[in-house]
Amino acid sequence: MRLVVKVGTSIVAPGGRIDAARLRALIDQLDLSQHEYLIVSSGAIAAGMSNLGLGEKPGKVPLMQACAAVGQSVLMHTYERLFFGKKVVAQLLLSSDDFTSPIRYRNLQNTLRQLFKLGVVPVVNENDSVSVRELEGAFGDNDELSALIATAVKADWLLLLTDVDGFFAPNGTRPRLVRTVKKLTPEMEALCNGHGKLGRGGMRSKLRAAKVASEAGVHVAIVNGRTPGAILAALEHKAGTYFPPQRRSS
């Protein structure tokens with residue numbers, strides 16, 4: 001089975017600093033001997049801010065680019081340490097052009113196909129340090145990127161890990177966790193507002209990513225990455241919000 005795991009900034013770097021212990025707990029849940037994994041990881045800008053001593057997220061793009069460049073090396077070093085002795089990891093920094101250009105898209109698929117054959121775990125992020133469009137939200141905090149990647153590699157599952165238990169709908173004074181979404185509607189999207197303090201996404205971008213991936217034949221779940229055993233529970237439909245495939249992958 002092939003799984004794409006998207007890890008949000010709220011999981012990677014809560015408070016602006018990479019939480020290696022939490023990432024280790026997540027990686028320990030991966031059945032590396034049985035399945036193929038690709039990780040879409042946010043957190044580079046937050047990590048860069050921490051290393052540069054910045055207390056607030058930059059408002060200007062050049063400074064955000066600098067934070068991304070500094071933080072990306074910290075992020076990859078962390079993943080290399082956590083996977084040491086288990087799997088080799090590879091870094092891919094992507095932009096929207098890698099999905100809109102037929103040649104670049106084919107090259108991307110060929111690279112990922114070879115990495116999977118070699119037993120490597122690709123760690124993917126937006127190319128924030130040079131691509132301004134990504135910083136301005138072309139992918140929506142890696143959510144859309146994870147859906148596009150899941151489609152490109154014909155993944156069986158896309159797991160969107162965040163800091164809430166899933167998608168909640170109004171239910172009097174206590175919102176109700178929606179366990180299964182068979183069809184995403186504009187009304188559901190309208191219920192979502194805001195985004196994380198350090199990230200650029202939010203529940204709305206996760207719903208849109210789930211729509212893209214599920215329509216491509218991928219099983220999708222939005223689940224709380226802070227919960228022990230979250231990944232296995234999501235795969236067994238025991239946690240989070242599940243989006244069944246709308247059609248089989250070709």
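The values are calculated or read from the model by the stated rules, or taken from the named source; none is laboratory data. Bear in mind the structure is a predicted one, so any value in this text is a computation, not a measurement. Because the Cβ atoms are built from the backbone with ideal geometry, glycine has one as well, and the counts that use them run over all protein chains shown. The protein model used for the area step is the full one, side chains on, heavy atoms only, and it has no ligands, DNA or RNA in it. Shrake-Rupley method; radii C 1.70, N 1.55, O 1.52, S 1.80 Å.
Just to be sure I understand, how many residues within the range 192-209 are at pLDDT 75 or above and out of contact with any Asp or Glu (no Cβ under 8 Å at 6 or more places or on another chain)? Number of matching residues: 1. Count, please, the residues in the range 49-76 that happen to be part of a helix (DSSP H, G or I) and either exposed (fewer than 13 other Cβ atoms within 10 Å of the Cβ) or charged (D, E, K, R) (or both). Here the count works out to 2. For the range 31-39, indicate whether the set of residues that are open to solvent by less than 60 Å² (accessible area, probe 1.4 Å), touching a residue at least 12 places away in the same chain (Cβ under 8 Å) and part of a helix (DSSP H, G or I) is non-empty. No, the range 31-39 has no match at all.
Considering the range 124-153, the residues that are in contact with a strand residue (DSSP E or B) (Cβ under 7 Å, 6 or more places away or on another chain) and part of a loop (DSSP other than H, G, I, E, B) include one that is modelled with the highest pLDDT, namely Val153. Give me the residue from the range 77-123 that is part of a loop (DSSP other than H, G, I, E, B) and among the basic types (Lys, Arg) and, out of that set, surrounded by the fewest Cβ atoms within 10 Å (Cβ to Cβ). In this case the residue turns out to be Lys86. Does at least one position in the range 170-187 carry a residue that is surrounded by 13 or more Cβ atoms within 10 Å (Cβ to Cβ), over 19 Å from the mean Cα position of the chain (by Cα) and at pLDDT below 85? Scanning the range 170-187, I find at least one residue that is surrounded by 13 or more Cβ atoms within 10 Å (Cβ to Cβ), over 19 Å from the mean Cα position of the chain (by Cα) and at pLDDT below 85, so the answer is yes.
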